[in-house]
Amino acid sequence: MKIGVIGGAGVRTVIFINGLLKRYKKLHIDEVVLYDIDFPKLTVIGKLCRHVVNREGCDLTVREVYTPEEAIRGMDYIVTTLRVGGDHSRVIDEQTALKNGVIGQETTGVGGFSMAVRTIPVLLDYCAMIEKLAPEAWIFNFTNPSGLVTQALHSAGYHRVIGICDAPSSMKYRMAHYLGIPEEELYVEFFGLNHLSWIRSVQDKGREIMPELIADDRFLASIQELEIFDPAVIRMTGMLPNEYLYYYYHREKALENIGKSGMTRGQTIEQVNIKMMEELRAMDMDADPEGALQTFLWYMQLRENSYMSIESGSANRPLLQRGTLPVPEGMGYAGVMLDCIEGMQSAEGRTLVLSVLNQGSVPILAQDDVVEVTCLVSERGIEPVKQKNVPALCEPYIRTVKQYERLTVEAVREKSEDLAAEALMIHPLVNSYSLAKKLLADYNEAYGGPILGK
């Protein structure tokens, strides 16, 4: 079987390949094909990927291609991981929002709207190509804002698409580690939308332990995703929040912390990536592939250790020395995708959190709405865990953000600024018609023309 990666020059591709090495034979994967419009960067990432394969003595084939057709034709699985406009577009998105006093984060914030309207048309073109050249392939969408983009693809009739996010799996991993429980034995039930979800059940061997966890100050302070929240809000809701709910529960704190830092997350990522690629391109990667890999890993550590630190006002996590860094084993986006493939190929299946069609799992939403929920994935298909009800505190968030997503998809389809303004107006982090219009005008100016196209 073959995997095609559209956006293969992304830095996470190296970690994806390393995660695949432990399972590629079990999953019957023999080749990974990388495509990206940034050919020089693709060459660098391709060399790093092949070194990761070679240092483990594996026979997985990794190669770069220079047309999208080559990354699609004959593939069994296709990964879409794009950043339309490059890293600097994220900086523009965030700073334009902050200039107007709102959070510009690339998924939950207004930056997610700007990124979505640039990205959806491009992904729709790729999906049309996939339907023609590899109609049986499963598409794993890693592209942010993942839930909104996945909604757009399903709304356009492309139903072999699964939205992937690593936030739920990473949180479950850390919870299991804290509790001293093998991850596969801990049941964690999520429901909601991508980056707008809650855990309402945590079970150890069938025993519900959620009340104990919420009452445990040490637990709440020890889990990276939870330490940024005021424990009182967690206890008030009686649920564990997805870390991106920080932007809703502590909106003014996030804005204040970003303002104090003088930097946005996008600026941090852009600077790290520029320095990383400059250093790698100056090296003789063929003569010293391990040195190049260690350079890459050091910058990736720098990038990951600063995650959410600006918005939450917390200190960056400590850095390990360059030259001693292991390659992550694929936890994150790649791990979720590989778990999903493994589940699809098995009778017993795997329990995963995915962005998929609702199918009645969140009763307040339509069947064809994309939701982020715990699913059983097996050779029988993807079966979302059905919620009996939606807690009253969660319902207005879910309804409003889903309506924002629907309107955004429609605005892109119709190239309508009126629909775009309506979408932004109801977004909980905007909540103003005049501000929505101002944001649209500023994004149009920042990008030198209508971001919705003509």
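Of all DSSP-defined beta bridges confined to the chain, some 55% are antiparallel rather than parallel.
Among the GluC sites (Glu not before Pro) in the stretch 319-382, those placed in a DSSP loop whose Cβ has at most 12 other Cβ atoms within 10 Å are GLU348, GLU379. What percentage of all Cα-Cα pairs in the chain are separated by more than 27 Å? Value for the chain: 53 percent of Cα pairs lie more than 27 Å apart. The order of the peptides 213-225, 262-274 by mean Cβ neighbours within 10 Å, most packed first, is 262-274, 213-225. Here the label points at TYR178 and GLU256, each 7 Å from Cα along the C-beta direction, are separated by 2.5 nm in the simple model. Our coupling estimate for the stretch 346-359, obtained by passing each phi through the Karplus curve with A = 6.51, B = -1.76, C = 1.60 and θ = phi - 60°, is 10, 7, 6, x, 10, 9, 9, 9, 9, 9, 9, 4, 4, 6 Hz, Gly and Pro reported as x. Couplings 3J(HN,Hα) for the stretch 138-153, derived from phi with the Karplus relation 6.51 cos²θ - 1.76 cosθ + 1.60 (θ = phi - 60°), are 8, 9, 9, 8, 9, 5, 7, x, 4, x, 5, 5, 5, 4, 4, 5 Hz, where x marks Gly and Pro. Taking one quarter of the surface of the convex hull spanned by the alpha-carbon atoms of the stretch 117-254 gives a direction-averaged projected area of 10.1 nm².
In plain terms, the bigger the Kirkwood radius, the slower the diffusion; for the stretch 2-166, with that radius from Cα pairs, at 4 °C and 1.567 mPa s, Stokes-Einstein puts D at 79 µm²/s. Full extension of the segment from GLU185 to ALA287, taken as 0.36 nm per residue of separation minus the current Cα-Cα distance, would add 32.3 nm. A straight chain from LEU320 to SER416 at 0.36 nm per residue would run longer than the Cα-Cα distance by 29.7 nm.
Rank the residues LYS260, LYS172, LYS253 as a footprinting-exposure proxy: fewest other Cβ atoms within 10 Å of their Cβ go first. Lowest to highest Cβ neighbour count: LYS260, LYS253, LYS172.
Quick check on the stretch 77-218: of the DSSP beta bridges with both residues there, what percent are antiparallel, nearest 5%?
Antiparallel bridges make up about 60 percent of those DSSP assigns within the stretch 77-218.
Summary value for the chain: 16 percent relative contact order, contacts being C-alpha pairs under 8 angstrom separated by 6+ residues. For LYS402, go through the aspartates and glutamates and keep the ones whose alpha-carbon is under 19 Å away, minus same-chain ones fewer than eight residues off. Here the aspartates and glutamates satisfying the reach criterion relative to LYS402 are GLU106, GLU243, ASP368, ASP369, GLU372, GLU410, GLU414, GLU417, ASP418, GLU422.
Distant-in-sequence amide contacts of VAL62, defined by a placed amide H-H separation under 5 Å and a gap of 5 or more residues or a different chain, comprise VAL32.
The slack in the chain from ASP38 to THR400, taken as 0.36 nm per residue of separation less the alpha-carbon distance, amounts to 126.6 nm. Measuring against 26 Å, Cα to Cα, the residue pairs LYS25/LYS47; LYS253/LYS275; LYS253/LYS386 contain LYS253/LYS275; LYS253/LYS386 as the ones spanning a longer distance.
Once the convex hull of the alpha carbons of the stretch 263-305 is built, what does its volume come to per residue, in cubic angstrom?
Per-residue hull volume (Cα only) is 49 Å³.
In straight-distance terms, cross-link reach from LYS415 covers every one of the lysines whose alpha-carbon lies under 17 Å from its own, apart from those fewer than eight places away in the same chain; here that gives LYS437, LYS454. Karplus-based coupling profile of the stretch 262-270, in residue order and whole Hz: x, 9, 9, 4, x, 5, 4, 4, 4, with θ = phi - 60° in 6.51 cos²θ - 1.76 cosθ + 1.60 and x standing for Gly or Pro. For the stretch 390-454, the relative contact order works out to 26 percent when only alpha carbon pairs closer than 8 Å and six or more residues apart are counted.
No lab work stands behind these numbers, since they all come straight from the coordinates. What you are looking at is a predicted structure, and each value in this text was computed from that prediction instead of being measured. Using ideal geometry, Cβ is built from the backbone for each residue, glycine included, and neighbour counts are taken over all protein chains shown.
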